[in-house]
1. May I ask you to evaluate 6.51 cos²θ - 1.76 cosθ + 1.60, the Karplus curve with θ = phi - 60°, for each residue of segment 99-108 and list the ³J(HN,Hα) values in order in whole Hz, giving x for glycine and proline?
2. Top to bottom by accessible area (1.4 Å), largest first, where do I36, I123, I42 land?
3. When only the heavy atoms of the protein chains count and the probe is 1.4 Å, how do E60, E73 rank by accessible area, highest first?
4. Counting only the heavy atoms of the protein chains, how much of I117 is accessible to a 1.4 Å probe, in Å² to the nearest 10?
5. So if we plug the beta-carbon distance of R77 and T39 into 1/(1 + (r/R0)^6) with R0 = 30 Å, what FRET efficiency do we get, rounded to 0.05?
6. Over the heavy atoms of L49, what accessible area does a 1.4 Å probe trace out, to the nearest 10 Å²?
Amino acid sequence: MSQQRALPQSKETLLQSYNKRLKDDIKSIMDNFTEIIKTARIEEEHQVLRSTQGEQDNYEMHVRAANIVRAGESLMRLVSDLKQYLILNDFPSVNEAINQRNQQLRTLQDECDKKLISLRDEIAIDLYELEEEYYSSSVCEPSDLPLCEAYWNCDSLDSSPPDFSSPLISAETASSNNQIHASPHLNGGGMVEHS
């Protein structure tokens, strides 16, 4: 009784209506079944003909059987309504299911994060080893160039083999030579000297 008093008025009224439906349907099934059993008795004396009485009893049994079926269907609907009411209003179970699902998803997220971190660490180690190997190789000398430009420079060196018969002149040496030949030097006497 204390649990029913704690329920809101609408819920209490709904539960009372479910209880009344249950009692009415069971009473209908019992009454109709009892009347079918009474109709099955054979009485010797009738005011009407035996065939007429048989037709009447047959019709009454059909009606009462239909009433039993209707009461059974009403009970099935009542069970369905109770299940729906329990599913929709059982908040502790719903909250428990939500919490369990959240816990499963958090566990899955933690596993994915750990796998991603380990993958990141492995890739960083491999990348470091590749850079060390690249910069310590004898084909391409280490320079301040970015990795992609150094790679293209190495490819251009590989595509054209070096000519060791002619000396290599750097761009700075060539530009300084051009400046020396282009600008004459004046000495103190006003004479031009070429170096």
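The values are calculated or read from the model by the stated rules, or taken from the named source; none is laboratory data. Being a predicted model, the structure only gives us computed values, none of them experimental. Glycine also receives a Cβ, built like all others from the backbone with ideal geometry; neighbour counts cover every protein chain displayed. Accessible surface areas use protein heavy atoms only, side chains included; no ligands, DNA or RNA. Shrake-Rupley method; radii C 1.70, N 1.55, O 1.52, S 1.80 Å.
1. 5, 5, 5, 4, 5, 4, 5, 5, 4, 4
2. Details: I36 35, I123 100, I42 135 Å².
Largest to smallest exposure gives the sequence I42, I123, I36.
3. Details: E60 55, E73 100 Å².
Putting E60, E73 in descending order of accessible area: E73, E60.
4. Accessible surface of I117 is approximately 80 Å².
5. The formula returns an efficiency of 0.60 here.
6. Only protein atoms counted, so the area is about 120 Å².
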